[in-house]
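The values are calculated or read from the model by the stated rules, or taken from the named source; none is laboratory data. Since this is a predicted model, take the numbers as computed values, not measurements. Positions of Cβ are generated from backbone atoms using ideal geometry, with glycine treated the same way; all protein chains shown enter the neighbour counts.
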Number of protein chains: 2
Amino acid sequence: MLEKRTPISVGEAVCNLMKFASPGLIEMVALELAHGRYLSEDLVADQDIPSFDRSPYDGFAIRSEDAVQATKDHPVTFEVIGKIGAGSVYSGKVGPFQAVRIMTGAEIPKNCDAVIMLELTSQYEENGQTYIDIKRSLKHGANISVQGEDARKGMILAKRGTYIHPGIMALLATFGYSQVPVARKPVIGIIATGSELLDVKEPLVPGKIRNSNTYMILSQIQRAGGEAKYLGKLSDDLETCYSAVKASLNQVDMLITTGGVSVGDYDYLPAIYEKLGATVLFNKVAMRPGSVTTVAHLDHKLLFGLSGNPSACYVGFELFVRPIVRTSLFNGKPHLKKEKAILGESFLKPNPFTRFVRAKLTYDEGKLMVSPSGFDKSSAVSSLAEANALIVLQGGTRGYDKGMYVDVLLLEDHQGSEWPW
Amino acid sequence: MLEKRTPISVGEAVCNLMKFASPGLIEMVALELAHGRYLSEDLVADQDIPSFDRSPYDGFAIRSEDAVQATKDHPVTFEVIGKIGAGSVYSGKVGPFQAVRIMTGAEIPKNCDAVIMLELTSQYEENGQTYIDIKRSLKHGANISVQGEDARKGMILAKRGTYIHPGIMALLATFGYSQVPVARKPVIGIIATGSELLDVKEPLVPGKIRNSNTYMILSQIQRAGGEAKYLGKLSDDLETCYSAVKASLNQVDMLITTGGVSVGDYDYLPAIYEKLGATVLFNKVAMRPGSVTTVAHLDHKLLFGLSGNPSACYVGFELFVRPIVRTSLFNGKPHLKKEKAILGESFLKPNPFTRFVRAKLTYDEGKLMVSPSGFDKSSAVSSLAEANALIVLQGGTRGYDKGMYVDVLLLEDHQGSEWPW
């Protein structure tokens, strides 16, 4: 007896699912290991930057009032009374027509209010004393990087949930975060099901294929910011699969299975969810590929039943698992970034269901262009090689012509989108 | 006596430098660790995909000639003689008006040339024998995924130098790469110089700043695909710095120092290069920030002398170190991806030198938009927080107005550009 399933829209499926999304745990990591993680707290300036008035150049610090009369024809002479390297502080007092040699980044001595660049002075010695001539006047504050001009103490420079890239690393170091509060990576189990699956290192035999979904998802999990835990590959056997799923649940924050969600005689996931007492959120989504994608929860732990077809599995992950992972990482824009792009070639298939086409996004003279990245079937793997985006073709349409604007979802982006798409 | 340096253009500097770029070494990694690495060989199909004719659906395999007469009013009855799960092979012979139950992904039995979906049949039993009725004709080849339709044995599906993302992982698994040939990550040493530098965990004291460049570069190295080796923070002392640089050279594939490259009294890098016998490729580039960026080589090992100013250091890395790293990773497009974008706000400073402005790239209705990401001085760190691009403003211009197209370099991209920009 064939089970009848009622498809729900992608939007409805995502909304149902996101009720179970929640921020994850926090851990501290050493700054040198923070690249690629997500901040679990706002990054706050613990000081002004610069934290003192400093020199942006190599030159001489002076009192600008002494140089008021300086011109090319009538240079003003200053006595060089000291030297100050970056990191040192000049403790003396600078008087009229006195100058202090100052290096880039060094603190401006008290009494001084301007810096003249080294290249703009002429230097000479007389009786062991160094002098400089200045041939132009300087304004009060000239060539001084003023305390707080870059950032003010207390400012939030990056929100929690921000991906830690080189710029954020620079700020973390500047503000003394030798240990960085980051989101703990959610641990996501993967179980591959299907009697047709060979291990990657096994030679091909008739009727079988190598298990590619596990490694694809492992990489998708890492790209999303999670930690993958591969729990094995199982044959289509209800009891074995049930035991494996049940045993895995206390080892992971969420579980992905691949295969077994369709309506075939060996599709055991529905029976497993029932036996576990899990609540199915949806088991049919009005989308291609991946319409059989199923999500269930058991005590607020999510179980993702992705299709065994590579492209369907890929899309199911990005639409449904990724936002859960990114929310766990405190990111406020957990969904794939949605943008408009110009379709580079016609796509004339009718779309009874919303279609997500693996695609290559490129730029052309400041415009986003997108074309399918190859063979378009839910079983396809070759089209994933160049895919950096998904083209979204709305259900109920009969085709799209080259040159039209279409929605695209970006796969390699760190910014993300809020809901709704 | 102030050293006079002759600035060269960015293009000339990059060309000089790229003469020293070379592909790196190869290593094998387990497939599960290959995410984020770069292929050191072309990824070749070792089989057709699919490797056999298979069923894309759950249904029944039949001989299409038997269903020629089938209509809604005159269904044709088939005897179900067997069942075939994914991964098994049906060894029997399918005769006239016989059908075999077939699951998604299973191999089509010999003699059969079409599949009818489960949902389109009605099934019944008589005397323990299962029959199905078919109410429509099927063409030869209907609903069969034909061997090789996705990819052909021998096809190159990804070139060497390709970044390994989830789609590439799926292909590697499909083609049996349990061990993946990848580029060894070049080891890049970092030495920070400057008496003003505090360790990140030290409290601020007058005149000093925390060492942020090291952690920023460490993250830039990882983003580029290299392996960072932090070799310490040194005061401005010629002998100490010389010894540290010399000692580091046989531990790394290339060396980055920060600070000490300007013309100040404590800028020792030029003297260190001389003492090492290194050849300076350039020590002044017509660009802002980062004009003092210096590159030298010693026995074909590159020494990058980046500015101590965070923004200048950042830009110097991306323009000069990154293409060397990516070439080492076999990538044929090692430079930052260059595109056009619409300037979101006017930038009215004159640009005697080519200017690289830290910027935020966004999309707006299918167009690339770019705006400076904040405070624009070579010492700035706050503007790095949101920077995902650099705006390139050509030297010799007096300013750029909002709405103009400008060149941008993308920082977070895996594709890259070939030379020339």
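I'm trying to understand the selection: among the residues of segment A:44-63, which are within 30 Å of A:LEU138 (Cα to Cα) and either more than 14 Å from chain B (Cβ to nearest Cβ) or assigned to a loop (DSSP other than H, G, I, E, B) (or both)?
Selection gives A:GLN47, A:ASP48, A:PRO50, A:SER51, A:PHE52, A:ASP53, A:SER55, A:PRO56, A:TYR57, A:ASP58, A:ILE62, A:ARG63.
So which residues in segment A:187-222 are more than 7 Å from chain B (Cβ to nearest Cβ), assigned to a loop (DSSP other than H, G, I, E, B) and within 21 Å of B:ILE164 (Cα to Cα), if there are any at all?
Correct list: A:ASP199 only.
Taking the stated definitions as given, is A:GLU239 part of a helix (DSSP H, G or I), among the acidic types (Asp, Glu) and either more than 14 Å from A:ILE191 (Cα to Cα) or not assigned by TED's automatic domain parsing to the domain that holds A:ALA192 (or both)?
Yes; evaluated as a whole, the condition is true for this residue.
Please pick out the residue among B:GLY167, B:GLY176 that is over 30 Å from B:LYS301 (Cα atoms), part of a loop (DSSP other than H, G, I, E, B) and either within 7 Å of another protein chain (Cβ to nearest Cβ) or without any contact (Cβ under 8 Å) to a residue 40 or more places away in the chain (or both).
Every option except B:GLY176 fails the conditions.
Identify, from the list B:GLY399, B:GLY395, B:GLY316, the residue that is among the small types (Gly, Ala, Ser), farther than 25 Å from A:THR362 by Cβ and touching a Gly at 6+ places or on another chain (Cβ under 6 Å).
Testing whether each residue is among the small types (Gly, Ala, Ser), farther than 25 Å from A:THR362 by Cβ and touching a Gly at 6+ places or on another chain (Cβ under 6 Å) leaves just B:GLY316.
What are the residues in segment B:124-138 that are within 13 Å of another protein chain (Cβ to nearest Cβ) and in contact (Cβ under 8 Å) with a residue 24 or more places away in the chain, if any?
B:THR130, B:ILE132
Take segment A:264-277 and flag every residue that is surrounded by 20 or more Cβ atoms within 10 Å (Cβ to Cβ) and either in contact with a Lys or Arg (Cβ under 6 Å, 6 or more places away or on another chain) or without any contact (Cβ under 8 Å) to a residue 40 or more places away in the chain (or both).
Within segment A:264-277, A:GLY264, A:ASP267, A:ILE272, A:TYR273 meet the criteria.
On the basis of being within 19 Å of B:GLU12 (Cβ to Cβ), outside the structural domain of B:LEU39 (by TED's automatic domain parsing), in contact (Cβ under 8 Å) with a residue 40 or more places away in the chain and touching a helix residue (DSSP H, G or I) at 6+ places or on another chain (Cβ under 8 Å), does B:LEU384 make the cut?
Answer is no for this residue.
Among the residues of segment B:344-374, what is the count of those that are of a type in the set (A, V, I, L, M) and within 23 Å of A:GLY403 (Cα to Cα)?
Adding up the residues that qualify gives 2.
Does B:VAL261 satisfy the condition of being aliphatic (A, V, I, L, M), in the same structural domain as B:LEU231 (by TED's automatic domain parsing) and within 27 Å of A:GLY87 (Cα to Cα)?
yes
Output the number of the condition that B:GLU227 fails; it satisfies all remaining conditions of (1) farther than 30 Å from A:VAL200 by Cα; (2) more than 11 Å from every other protein chain (Cβ to nearest Cβ).
(1)
Scan segment A:233-263 residue by residue and report those that are more than 12 Å from chain B (Cβ to nearest Cβ), free of Cβ contacts under 8 Å to residues at least 60 places away in the same chain, of a type in the set (D, E, K, R) and buried (at least 18 other Cβ atoms within 10 Å of the Cβ).
Selection gives nothing.
Select, from B:GLU41, B:GLU27, B:GLU32, the only residue that is within 21 Å of A:GLU196 (Cα to Cα) and either free of Cβ contacts under 8 Å to residues at least 60 places away in the same chain or away from chain A (no Cβ under 12 Å) (or both). Steps first, answer last, please.
Working: B:GLU41 fails: within 21 Å of A:GLU196 (Cα to Cα); B:GLU27 fails: within 21 Å of A:GLU196 (Cα to Cα).
Matching residue, one of B:GLU41, B:GLU27, B:GLU32: B:GLU32.
So is B:ASP376 of a type in the set (Asp, Glu) and within 11 Å of chain A (Cβ to nearest Cβ) or not?
Against the criterion (of a type in the set (Asp, Glu) and within 11 Å of chain A (Cβ to nearest Cβ)), B:ASP376 qualifies.
Taking A:TYR268 and the conditions (1) at pLDDT below 95; (2) touching a Phe, Trp or Tyr at 6+ places or on another chain (Cβ under 7 Å), which numbered condition does it fall short on, given that it satisfies the others?
(2)
Here are some residues: B:GLY141, B:GLY148, B:GLY161. Which one is touching a Gly at 6+ places or on another chain (Cβ under 9 Å), in contact (Cβ under 8 Å) with a residue 12 or more places away in the chain, outside any strand (DSSP E or B) and farther than 30 Å from B:LEU269 by Cα?
None of the other options fit; the residue is B:GLY161.
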